[in-house]
1. Name the single residue that is surrounded by the most Cβ atoms within 10 Å (Cβ to Cβ) among those in segment 49-59 being touching a helix residue (DSSP H, G or I) at 6+ places or on another chain (Cβ under 9 Å) and in a loop (DSSP other than H, G, I, E, B).
2. From the list 85, 112, 96, 27, which one is farther than 30 Å from residue 2 by Cβ and free of Cβ contacts under 8 Å to residues at least 24 places away in the same chain?
3. In segment 3-25, which residue that is part of a loop (DSSP other than H, G, I, E, B) and in contact with a strand residue (DSSP E or B) (Cβ under 9 Å, 6 or more places away or on another chain) is modelled with the lowest pLDDT?
4. Might you check whether a residue that is at pLDDT below 95, surrounded by 12 or more Cβ atoms within 10 Å (Cβ to Cβ), farther than 21 Å from residue 124 by Cβ and in contact with a helix residue (DSSP H, G or I) (Cβ under 8 Å, 6 or more places away or on another chain) occurs anywhere in segment 63-73?
5. Filter segment 74-123 down to residues that are part of a loop (DSSP other than H, G, I, E, B) and touching a helix residue (DSSP H, G or I) at 6+ places or on another chain (Cβ under 9 Å) and give me whichever is surrounded by the fewest Cβ atoms within 10 Å (Cβ to Cβ).
6. Considering segment 1-25 alone, what residues qualify as being surrounded by fewer than 12 Cβ atoms within 10 Å (Cβ to Cβ) and within 17 Å of residue 83 (Cα to Cα)?
7. Please state which one of 30, 41 is in contact with a helix residue (DSSP H, G or I) (Cβ under 9 Å, 6 or more places away or on another chain), closer than 30 Å to residue 120 by Cβ and surrounded by fewer than 19 Cβ atoms within 10 Å (Cβ to Cβ).
8. Could you give every pair whose Cβ atoms fall below 7 Å, whose first residue belongs to segment 39-55 and is more than 19 Å from residue 106 (Cβ to Cβ), and whose second residue is modelled with pLDDT of 95 or more and surrounded by 14 or more Cβ atoms within 10 Å (Cβ to Cβ), counting only separations of at least 6 or pairs across chains?
């Protein structure tokens, strides 16, 4: 089976494994960019995206994940992540305190559905669907 291949995206003078991902909740969806982060447990998105999806994200369980910049308040919600033709039911975080440059795709949902290869020399990310 052929992997999904994504070229790293240039940001300033550096290249990052950033891909397009579609967030789906009920009959609403939005496409956004997200950094594939093997160090993140959850995928986390800015709360503005939940608003577009008409998702009352604050009804989700409140947690305080630790990141590079310390703890933030976030809420766990169930949505569908769509990467190319793969639809992944997934628990993700939304936070109005998440104000970094990129949304993050973490391990839960993504890393258990794909074998993931970061090829920094080639500046490419490969996702191999698991059986």
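1. Looking at the filtered set, the residue picked out is 55.
2. Among 85, 112, 96, 27, only 27 is farther than 30 Å from residue 2 by Cβ and free of Cβ contacts under 8 Å to residues at least 24 places away in the same chain.
3. 3
4. Pass one, segment 63-73, residues at pLDDT below 95: 63-73.
With the extra rule that they be surrounded by 12 or more Cβ atoms within 10 Å (Cβ to Cβ), the set shrinks to 63, 65, 67, 72-73.
Adding the requirement that they be farther than 21 Å from residue 124 by Cβ leaves 63, 65, 67, 72-73.
Subsequent filtering for residues that are in contact with a helix residue (DSSP H, G or I) (Cβ under 8 Å, 6 or more places away or on another chain) retains none.
Checked against the condition, which is being at pLDDT below 95, surrounded by 12 or more Cβ atoms within 10 Å (Cβ to Cβ), farther than 21 Å from residue 124 by Cβ and in contact with a helix residue (DSSP H, G or I) (Cβ under 8 Å, 6 or more places away or on another chain), segment 63-73 yields no hits at all.
5. Within segment 74-123, the match that is surrounded by the fewest Cβ atoms within 10 Å (Cβ to Cβ) is 97.
6. 1, 2
7. Values: 41 fails: in contact with a helix residue (DSSP H, G or I) (Cβ under 9 Å, 6 or more places away or on another chain).
Sole residue among the options that is in contact with a helix residue (DSSP H, G or I) (Cβ under 9 Å, 6 or more places away or on another chain), closer than 30 Å to residue 120 by Cβ and surrounded by fewer than 19 Cβ atoms within 10 Å (Cβ to Cβ): 30.
8. Within 7 Å, the pairs are 52/30.
The values are calculated or read from the model by the stated rules, or taken from the named source; none is laboratory data. Keep in mind the model is a prediction, meaning the values are calculated, not measured. With ideal geometry, Cβ positions are generated from the backbone for all residues, glycine too; neighbour counts draw on all protein chains shown.
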